[in-house]
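**Q** One structure follows; several queries about it will come next.
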Amino acid sequence: MVVIGLDVGYGDTKVIGIDGKRIIFPSRWAVTETESWGIGGKIPVLSTDGGQTKFIYGRYASGNNIRVPQGDGRLASKEAFPLIAAALWESGIHNDGSPVDLVIGSGTPLGTFDLEVKAAKEALENKILTVTGPEGEVRQYNVTRLIMRPQGVGAALYLLNQGIIEQQPGYGVVIDVGSRTTDVLTINLMDMEPVVELSFSLQIGVGDAISNLSRKIAKETGFVVPFDLAQEALSKPVMFRQKQVGGPEVAGPILEDLANRIIENIRLNLRGEVDRITSLIPVGGGANLIGDRFDEIAPGTTVRIKPEDLQFANALGYRDAAERSM
């Protein structure tokens, strides 16, 4: 029996595999008719229907025909299925052609939790997923159980398991800064249960900052910059059209504006409960960029997570929850 943690986000797909192996790739894929080659060699092409339909994924998928998830953690959607297949393939789990018994720990936002869990279990649980690789290798995965937790609970469970936070009176607020949304989950730290009325999703994410920086670079160079390059330019200067663009000095004001909008909306939604917050927990890719600002919401309560764990916090917690359920 193999247990993995899987976090299919709108921006990136994260996997915690065997021996804690960590995998991350952009959450996008595209149907392809031919094999392609990149600088590093042949681009991986997968299939989930015996080779009839082939697709590329992650950073290799580009152009006008790319497909992306409908939202975070929507595992039952047809847009997410190739990403799940790619995640399993990338994990390296296989058993010489015979099915591997697999338990998947994953999560989805609290607002649609029951609906998404029901759909995901119907789509994946007790099903054998067959993935064909670029050289015709076939790997099969028997999903014996799918353990789902609300998005954000995964991060809290991981931190609790690591001793970074403790069960205590008060609220823990997980702020997951994603590509398209910022999901806020408030947890009662005594019983680790979500506080539904203080949990919400903001239609604000790092993608807003990327789009703003992309427009700024386009105005400067006269060319539209690829999304991936604009994303990289948020944190460091990059070369584009033989010119150095982006970097902290250029992106700083854009990220400040993003942080201000998120903080203002969180304060508004938490209303008079801020005094009960004992742990603010920024996670997600955006937390690397603006996480330090969240201490303004409840000074002195921000939990510092290792930078390399920020993007994987939910997936780590999902895997832990799946292991505990066995």
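**Q** Which of the residues that make up the range 77-115 are at pLDDT below 90 and more than 19 Å from the chain's Cα centre (by Cα)?
**A** Gly92, Ile93, His94, Asn95, Asp96, Gly97, Ser98
**Q** Go over the candidates Asp208, Asp257, Asp191 one by one and state the one that is more than 27 Å from Glu296 (Cβ to Cβ), in the same structural domain as Gly172 (by TED's automatic domain parsing) and either in contact with a strand residue (DSSP E or B) (Cβ under 9 Å, 6 or more places away or on another chain) or not small (Gly, Ala, Ser) (or both).
**A** Answer to the check: Asp191.
**Q** Can I ask one more? Are there any pairs, at least 6 apart or on different chains, whose C-beta atoms fall under 6 Å, with the first in the range 216-228 and free of Cβ contacts under 8 Å to residues at least 40 places away in the same chain and the second part of a loop (DSSP other than H, G, I, E, B) and not hydroxyl-bearing (Ser, Thr, Tyr), and if so, which?
**A** As it stands, the answer is Ile217/Val225; Ala218/Val224; Thr221/Arg241; Phe223/Arg241, since those pairs meet every condition given.
**Q** Related question: Just give me the residues in the range 1-29 being crowded, with 24+ Cβ neighbours inside 10 Å and of a type in the set (A, V, I, L, M, F, W, C), in sequence order.
**A** Across the range 1-29, the qualifying residues are Ile4, Leu6, Val8, Val15, Ile16, Trp29.
**Q** Lys78 - would you say it is among the charged types (D, E, K, R), over 18 Å from Ile16 (Cβ atoms) and in a loop (DSSP other than H, G, I, E, B)?
**A** It is true that Lys78 is among the charged types (D, E, K, R), over 18 Å from Ile16 (Cβ atoms) and in a loop (DSSP other than H, G, I, E, B).
**Q** Can you find a residue that is in contact with a helix residue (DSSP H, G or I) (Cβ under 9 Å, 6 or more places away or on another chain) and in contact (Cβ under 8 Å) with a residue 12 or more places away in the chain anywhere in the range 117-127?
**A** Yes; the residues of the range 117-127 include at least one that is in contact with a helix residue (DSSP H, G or I) (Cβ under 9 Å, 6 or more places away or on another chain) and in contact (Cβ under 8 Å) with a residue 12 or more places away in the chain.
**Q** Same structure again: Quick check on the range 113-131: of everything there that is out of contact with any Leu (no Cβ under 7 Å at 6 or more places or on another chain) and β-branched (Val, Ile, Thr), which residue is surrounded by the most Cβ atoms within 10 Å (Cβ to Cβ)?
**A** Val117
**Q** Something else about it: Considering only the range 122-145, state which residues are out of contact with any Lys or Arg (no Cβ under 6 Å at 6 or more places or on another chain) and under 14 Å from Leu6 (Cβ atoms).
**A** Across the range 122-145, the qualifying residues are Ala123, Leu124, Glu125, Leu129, Tyr141, Arg145.
**Q** Residues to consider are Val224, Val245; find the one that is modelled with pLDDT under 90 and on the phi < 0 side of the Ramachandran plot.
**A** None of the other options fit; the residue is Val224.
The values are calculated or read from the model by the stated rules, or taken from the named source; none is laboratory data. These numbers come from a predicted model, not from an experiment. All Cβ positions, even for glycine, are placed from backbone atoms using ideal geometry, and neighbour counts span all protein chains on display.
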